[in-house]
Amino acid sequence: EMSPQERAFQDRIDRGEKIEPKEWMPEGYRKTLIRQIGQHAHSEIVGQLPEGNWITRAPTLERTAILLAKVQDEAGHGLYLYCAAETLGVSRDELMEKLHSGQMKYSSIFNYPTLTWADIGAVGWLVDGAAIMNQVPLQRTSFGPYSRAMIRICKEESFHQRQGYDIMMKMAQGTSEQKAMAQDALNRFWYPSLMMFGPSDKESVHSAQSMAWKIKINTNDELRQKFVDQTVPQAEYLGLSIPDDTLNWNEEKGGYDFAEPDWSEFFEVLKGNGPCNKERLGARVKAWEDGAWFRDGLMAHAEKRAAARQA
Ligand code: 3HC
């Protein structure tokens, strides 16, 4: 049963109004947003690691410059999103602490390794492609700061996807070895990319409430279907094959039938048992610890300035 206050809040959401940080909101709404935005921010930050791995090994100076800019964009996205989460009354330190202690998650996809240069193409094409599919509707999400962050982020994200597809085109049109590398990258990244949208709708615990609050706009399965429908023709254009024998155009539904990812693998990755979980979290914890002297310095400087102003 909704209280009158909750009813009024839901009416505002239903009318399509944006909710701003200082306004009243149900505790569940606040908590769900902190979880989702915080998790999203962590994904942007941890997501720098698999691509950062190739900055010094990109095949040309031009590719290095592009990849460097792209990875820096991801850092920027993380920072916007942490700011959006902070407007809900959680501190950056608290979010960091929860990431480092495993109480908060980041996207499952970043627990897979980038073994070859073609993987950088596949990450841009598929991972950023899946990210945009999810983030374009989130531009209309009900919480103002999140919605505005998404508008900026989506602009950069579409450039990211194009740079990935451009790498894939180069590889797919290259020597037979290069084409084989592109195919291998697609084979390894296909199912983990499908997992990015979250568990199937029947296993998605948060979807119903999050959609009623317009924190989420689409279900996980809806977005996964759209992603497959968009990506299959792109793979055909590259002359690569999707690693799914059951893939088939379904005229009636106007979309592809496709194989589900191995959900037991997904849940293992969420529990911390993916191929790179320990390495990724270890890298973030080390960066946090290595940066302690710098944060201490900033705080000491701020305190000195405050004391000087009082004197
Ligand atoms: N990776 C890790 N955890 C996931 C996940 C994934 N791919 N998909 C779902 N989960 C978790 C949920 O967080 C939830 O766990 P929790 O209760 O402990 O938090 C559980 O699995 C059940 O899933 P639900 O479907 O009920 O969860 P949601 O309603 O939160 O839906 C979501 C999951 C679709 C990922 C949603 O949170 C969302 O849209 N988030 C915003 C987008 C986002 O986080 N994107 C990160 C992608 S990568 C990226 O942006 C970087 C890019 O620039 C490269």
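Quick look at the numbers
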| item | result |
| --- | --- |
| Filtered residues of region 109-153 (kept if under 20 Å from A212 (Cα atoms), among the aliphatic types (A, V, I, L, M), near the ligand (Cβ under 10 Å from one of its atoms) and free of Cβ contacts under 8 Å to residues at least 60 places away in the same chain) | M150 |
| Among the residues listed as A41, A8, the single one being hydrophobic (A, V, I, L, M, F, W, C), near the ligand (Cβ under 10 Å from one of its atoms) and either open to solvent by 20 Å² or more (accessible area, probe 1.4 Å) or under 17 Å from Q135 (Cα atoms) (or both) | A41 |
| In region 247-290, the residues that are open to solvent by less than 80 Å² (accessible area, probe 1.4 Å), more than 17 Å from S193 (Cβ to Cβ) and in contact with a strand residue (DSSP E or B) (Cβ under 7 Å, 6 or more places away or on another chain) | N250, D257 |
| I167 over 24 Å from N248 (Cα atoms), hydrophobic (A, V, I, L, M, F, W, C), modelled with pLDDT of 95 or more and outside any helix (DSSP H, G or I) | no |
| Sole residue being touching a residue at least 60 places away in the same chain (Cβ under 8 Å), part of a helix (DSSP H, G or I) and surrounded by fewer than 24 Cβ atoms within 10 Å (Cβ to Cβ), chosen from R188, R162 | R188 |
| Looking only at region 191-205, and only at residues there that are without any contact (Cβ under 8 Å) to a residue 24 or more places away in the chain and open to solvent by 40 Å² or more (accessible area, probe 1.4 Å), the one that is nearest to the ligand (Cβ to nearest atom) | V205 |
| Number of positions in region 53-73 that are open to solvent by 80 Å² or more (accessible area, probe 1.4 Å), in a helix (DSSP H, G or I) and not polar (S, T, N, Q) | 3 |
| Pairs where the first residue, in region 253-282, is modelled with pLDDT of 95 or more and the second is basic (K, R), C-beta under 7 Å, 6+ apart | L270/K105 |
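Yes/no matrix, rows are residues, columns are (1) more than 28 Å from G129 (Cα to Cα); (2) among the β-branched types (V, I, T):
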| residue | (1), (2) |
| --- | --- |
| W24 | yes, no |
| I34 | no, yes |
| Q48 | no, no |
| W54 | no, no |
| L61 | no, no |
| A65 | no, no |
| A75 | no, no |
| Y80 | no, no |
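The values are calculated or read from the model by the stated rules, or taken from the named source; none is laboratory data. None of these values were measured; they are calculated from a predicted model. Reconstructed Cβ throughout: ideal geometry from the backbone, glycine too, with neighbour counts over all protein chains shown. Quick note on the areas: whole protein, heavy atoms, side chains included, nothing else; ligands and nucleic acids left out. Shrake-Rupley method; radii C 1.70, N 1.55, O 1.52, S 1.80 Å.
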